[in-house]
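See structure below.
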């Protein structure tokens, strides 16, 4: 039975702290983990806090953390998937970086939240254009995709994930307010309909402004290709590591037959 050990870190914003990251990677290595996912706004502060910090400081923070993570990726032979804030040309960009022992790849988030109280779309300079494929890569024969939390809502990206027969979808989030139940339902439904594993890493911690208290509640989770929550964390800093299995993916796809039904009709 072909397996891959994968995991996530449920953390608050770490600031300049690197000791904790190294501690968790050592523990992950001991358990045979080959892939580790971080939540949103862990390497950098929440976007509403960025205006009070000089851009050059954010640029240096991202650069130094990425360099440190590259070093750890090589040292522990683990691929890291980490949301970052990039400062370029005096503008902010919201990205996800995939750091492996041999290479790095960037994914620029394509769809950002655009609500009045939470408008990343207005704050960041990510281009608004026709949707492209999410970041997809392979580890030991497993096909893995990365999309941001908000992008989870949009079917167009999932069509590409299904066409490319992705085994595991990584979803870093910074979910807050009273959304826990809705997120669980959405994540389990996506895993079930696409017969793939989902690993969701949600940050913890708080941010307060004059009108709202933003409580990032954790509830990071590991979901099976049958849409079952196999493991989840509560609301404290923690790490989750679990195996994914080719046999379980094949059984779910064969049993439910969703992709086969579409393939017969020329949709995949």
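The values are calculated or read from the model by the stated rules, or taken from the named source; none is laboratory data. Bear in mind that the values here come from a model prediction, so they are computed numbers and not experimental data. No Cβ is skipped: glycine too gets one built from the backbone with ideal geometry, and neighbour counts run over all protein chains shown.
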- When the range 132-155 is checked residue by residue, the ones that are in a helix (DSSP H, G or I) and surrounded by 15 or more Cβ atoms within 10 Å (Cβ to Cβ) are 150, 151, 152
- Those residues that are free of Cβ contacts under 8 Å to residues at least 40 places away in the same chain and within 15 Å of residue 39 (Cβ to Cβ), I need them from the range 172-186; list them, please. 179, 180, 183
- Note on the structure: Scanning the range 21-39 residue by residue, those touching a strand residue (DSSP E or B) at 6+ places or on another chain (Cβ under 9 Å) and not in a loop (DSSP other than H, G, I, E, B) turn out to be 21, 24, 25, 27, 28, 35, 36, 37, 38
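Let's see how each residue does on (1) free of Cβ contacts under 8 Å to residues at least 40 places away in the same chain; (2) touching a strand residue (DSSP E or B) at 6+ places or on another chain (Cβ under 9 Å); (3) under 26 Å from residue 7 (Cα atoms):
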site: 121; (1), (2), (3): yes, yes, no
site: 126; (1), (2), (3): yes, yes, no
site: 130; (1), (2), (3): yes, no, no
site: 135; (1), (2), (3): yes, yes, yes
site: 140; (1), (2), (3): no, yes, yes
site: 146; (1), (2), (3): no, yes, yes
site: 149; (1), (2), (3): no, yes, yes
site: 156; (1), (2), (3): yes, no, no
site: 159; (1), (2), (3): yes, no, yes
- Task: Would you tally the residues in the range 111-131 being closer than 30 Å to residue 64 by Cβ and either at pLDDT below 95 or assigned to a strand (DSSP E or B) (or both)?
- Result: 2
- Message: Return the residues of the range 196-217 that are surrounded by 13 or more Cβ atoms within 10 Å (Cβ to Cβ) and closer than 17 Å to residue 42 by Cα; say none if nothing qualifies.
- Response: 199, 200, 201, 202, 203, 204, 205, 207, 214, 215, 216, 217
- Item | Exclusive hit being over 22 Å from residue 198 (Cβ atoms), in contact (Cβ under 8 Å) with a residue 24 or more places away in the chain and buried (at least 19 other Cβ atoms within 10 Å of the Cβ), set 65, 48, 55, 29 | 65
- Item | Those residues of the range 218-258 which are buried (at least 18 other Cβ atoms within 10 Å of the Cβ), more than 20 Å from residue 4 (Cα to Cα) and either in contact with a helix residue (DSSP H, G or I) (Cβ under 8 Å, 6 or more places away or on another chain) or modelled with pLDDT under 95 (or both), in sequence order | 219
- Residue in the range 1-22 that is nearest to the chain's Cα centre (by Cα), counting only those that are within 18 Å of residue 101 (Cα to Cα) and at pLDDT below 95: 21
- Query: Which of the residues spanning the range 145-159 are under 11 Å from the mean Cα position of the chain (by Cα) and farther than 16 Å from residue 94 by Cβ?
  - Reply: 145
- Given the structure, is residue 42 surrounded by 15 or more Cβ atoms within 10 Å (Cβ to Cβ) and outside any loop (DSSP other than H, G, I, E, B)? no
